[in-house]
Amino acid sequence: MKLIKFIFLFIFLQIIFIQAEENKRVYVIDISGDIDLGLAPYVQRVFKEAENNNVSAIILKVNTFGGRVDAATQIRDAIINTKILTIAFVNKRAISAGALITISAKKIVMSSGSTIGASTVVDQSGTKASEKYQSYMRSEMRSTAEKNGRRPDIAEAMVDEKIVIKDFPELDDSTKLLTLTTEEAIKVGYCDFVANDISEILEHFDLKNAKLIYSETNWAENLVRFLSNPIISGILIMLGIIGLLTEIKTPGWGVAGTIGLISLALFFGTGYILQLANVWEILVFLIGLGLLLVEIFLVPGFGFVGILGIILMIGSIFFSLIGDFPVVSENEISNALIQLAASLIASIVFLFLLWKFLPGIPAWGRLILSTSENQSEGFISNPGFTDLVGKRGKALSQLRPAGIALIENKRYDVITEGEFISRDDTVEVIQVIGSKIIVKKV
């Protein structure tokens with residue numbers, strides 16, 4: 001009887017154990033291609049979801065030549081701040097920013113023939129960045145290695161070729177950045193074991209029956225990644241500038257200004273999500289926009305208030321392009337200047353071409369009257385308005401230059417010769433051309 005009870009207990013415990021194994025879940029995140037700012041929100045979202053679901057482990061499949069360091073540091077922070085077991089699986093290469101992400105994980109697994117290292121910071125042309133920037137990267141690599149109990153000098157040697165690893169003669173070279181092969185990484189403690197697929201990793205960490213969950217980017221993250229592309233963000237800036245410049249030249253508020261504001265809202269919204277734009281930069285932009293609206297609707301002409309508003313808006317856009325990275329390189333500043341200048345120049349050129357060639361387009365010609373109405377050709381002023389010449393009245397709205405005036409207790413659509421006239425000012429009709437009633441301020 002005792003034997004039977006023992007057998008049933010053993011079977012029961014086995015069933016519980018198997019069910020517990022099957023209930024284990026492992027998230028898999030793909031870190032491949034170029035590391036850009038659009039990748040960071042995706043990784044952060046998956047880590048938060050994994051923590052809420054109490055998963056057993058997160059595997060990061062790394063195969064990258066690197067990318068933006070600021071994006072890599074955001075991903076690095078998400079990795080080292082979680083309590084979940086994190087496993088970096090280097091399948092082929094983890095170079096530059098990819099190395100920082102890899103050493104952030106608690107465990108490192110590499111496939112045969114893979115490499116990790118070469119993390120010095122370079123600009124887009126391949127030129128090495130300034131020492132201030134290299135110093136920041138060295139400290140990031142060193143502190144990350146220390147956090148996970150790895151040798152900090154190995155991590156620093158991936159950034160600075162002057163650091164040599166003397167206790168490993170094959171790595172003792174002060175002329176080259178440190179890049180480790182799979183075998184070398186095992187020797188210096190930067191690879192826990194070798195595996196060629198995820199199933200081997202799961203078996204090694206007693207997770208062979210765990211359910212694999214392959215995470216994917218959602219539509220919002222894809223949209224943010226699309227909008228953060230330098231070309232697309234440049235187009236958003238251009239549309240914003242064109243819209244606002246158009247509103248300066250036209251009375252009231254119209255479609256162009258609305259499109260401009262939407263474009264700039266997308267630009268700043270994307271920057272805020274990607275931690276490029278700060279709250280103060282958005283506030284400066286809103287202050288500048290407020291000054292511009294005051295200039296358009298309240299202040300006659302265009303002067304200091306509008307110019308100050310434009311300067312604040314352009315300045316906030318420039319600083320949003322640089323971001324809030326602890327150390328800003330000369331390359332990032334020059335790239336931001338080039339992108340902003342290109343957007344400004346493209347906006348001005350586009351407006352010039354629009355003004356010069358749009359009236360000549362046949363489709364546009366069908367929407368407007370292209371011929372003039374001269375008296376010699378039989379056109380005369382509306383006889384019902386000619387008796388208004390010399391009469392005075394009051395502006396019922398701002399004339400900028402068009403608006404409404406009350407003349408002899410009747411409302412008329414009037415226009416000035418370009419002069420701004422405030423509401424309630426006294427006006428006088430100086431000319432009537434066709435249906436146009438032209439007035440001036442008395």
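Read-outs: derived from the displayed coordinates by stated rules, not from any lab. All figures in this text were calculated on a predicted structure; none of them were measured in a lab. Note: ideal-geometry Cβ built from the backbone for every residue, glycine included; neighbour counts use all protein chains shown.
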| Student exercise, region 10-217 dipole from Lys, Arg, Asp, Glu Cβ charges, in Debye to nearest 20 | 360
| message | Along the charge dipole of region 10-217, pointing to its positive end and built from +1/-1 on Cβ of Lys, Arg, Asp and Glu, which listed residue (Ile108, Thr217, Ala157) has its Cα farthest out? | response | Thr217
| message | Rg/Rh for region 10-217 to two decimals, with Rh computed the Kirkwood way over all alpha-carbon pairs. | response | 1.01
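Report, in listed order, any pair from Lys24/Lys61; Lys48/Lys176; Lys92/Lys162 with a Cα-Cα distance greater than 31 Å. Intermediate results must be reported in sequence, preceding the final value.
Working: Lys24/Lys61 19 Å; Lys48/Lys176 39 Å; Lys92/Lys162 26 Å.
Too far apart for the 31 Å limit: Lys48/Lys176.
Per-residue counts of other Cβ atoms within 10 Å, averaged by peptide: what ranking do you get for 398-409, 211-222, 31-42, highest first?
Numbers: 398-409: 17.2, 211-222: 13.6, 31-42: 20.5.
Going from most to least packed, we get 31-42, 398-409, 211-222.
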| said: Show log10 I(q)/I(0) for region 380-441 at q = 0.21, 0.27, 0.28 Å⁻¹, two decimals, from a solvent-free Debye sum over equal Cα scatterers. | reply: -0.68, -1.12, -1.20
